[in-house]
Amino acid sequence: MEFRRYAVYFTPDDGALADFGARWLGWDITAGRAVEQPLVEGLPAPLAAITETPRKYGFHATIKPPFRLAEGVTAQDLNTALERLCVQMPPQPFDGLGLAAIGRFLALVLRGDPAPMQGMAAMAVDTLDAFRAAPTEEELARRRAARLNPSQEALLSRWGYPYVMGEFRFHMTLTGKLKKEQIAPVEAVLNHELHGVLPAPFILDGLSLVGEAGDGRFHLIHRHALSI
């Protein structure tokens, strides 16, 4: 399969968390296929509408944001570099995952000290940056439409994305932007659906190379274990 952009994600290994994410969003990034979403009572809008924005990305946390390959490098080169990076990183234990509102969307976030995760993400962004083509003016303009602060603008200029390094926050997105009055009922439904699913402790044990197909859907290419 040909991919137009690549990214480094955390995607959970097979199990209850991965199964939940695929069913909730309606896209299984590991299998590369659509999944029938469950019938869920109590939502203020259809689940398909609530999850429309994050669906194409699959259930994940972004580590190095999507980018086009630089001239002269291949996806195999990138995959090999990610593999080498992962053998230099130990698995990272955290207290768990919890549901939180980030602005007006809902996501799973880390419970516990986030510093090790921030360091890992920064290392991945830096180490793999030679594989990233510079963003186009159109791509930069789309990012700047979010009214970036000076720090985010500097990160956009240096790394092609405003929410890396000091602005990075690990999160696994579960909804698009909700109306303010929708947040509480969707959060209540998600808390019910997530009962017994969230791991505690949570071990971040791998990083995944993913690719964006021509239809905008992301697919798992290879998941590398952290193994130092």
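Values for this structure:
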read-out: Glu83 being surrounded by fewer than 20 Cβ atoms within 10 Å (Cβ to Cβ) and modelled with pLDDT of 95 or more; value: yes
read-out: Pairs where the first residue, in the range 125-154, is in contact (Cβ under 8 Å) with a residue 40 or more places away in the chain and the second is of a type in the set (Asp, Glu), C-beta under 8 Å, 6+ apart; value: Phe131/Asp77; Ala133/Glu71
read-out: Residue in the range 11-36 that is surrounded by the most Cβ atoms within 10 Å (Cβ to Cβ), counting only those that are of a type in the set (A, V, I, L, M) and in a loop (DSSP other than H, G, I, E, B); value: Ile29
read-out: Filtered residues of the range 127-157 (kept if among the charged types (D, E, K, R) and surrounded by fewer than 13 Cβ atoms within 10 Å (Cβ to Cβ)); value: Glu137, Glu138, Arg142, Arg147
read-out: Qualifying positions in the range 161-188 - touching an Asp or Glu at 6+ places or on another chain (Cβ under 8 Å) and in contact (Cβ under 8 Å) with a residue 24 or more places away in the chain; value: Gly176
read-out: Selection from the range 100-148 of residues that are assigned to a loop (DSSP other than H, G, I, E, B) and more than 30 Å from Ile50 (Cβ to Cβ); value: Asp113, Leu128, Ala133, Ala134, Thr136
read-out: Verdict on Ala124 being in contact with a Lys or Arg (Cβ under 6 Å, 6 or more places away or on another chain), surrounded by fewer than 15 Cβ atoms within 10 Å (Cβ to Cβ) and not polar (S, T, N, Q); value: no
read-out: Residue list for the range 101-119, restricted to those being in contact (Cβ under 8 Å) with a residue 40 or more places away in the chain, out of contact with any helix residue (DSSP H, G or I) (no Cβ under 8 Å at 6 or more places or on another chain) and either among the aliphatic types (A, V, I, L, M) or loosely packed, with under 14 Cβ neighbours inside 10 Å (or both); value: Ile102, Gly103, Ala107, Leu108, Val109, Met117
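The values are calculated or read from the model by the stated rules, or taken from the named source; none is laboratory data. In this text the structure is predicted, and so the values were computed from the model without any measurement. All Cβ positions, glycine included, derive from the backbone under ideal geometry; neighbour counts span all protein chains shown.
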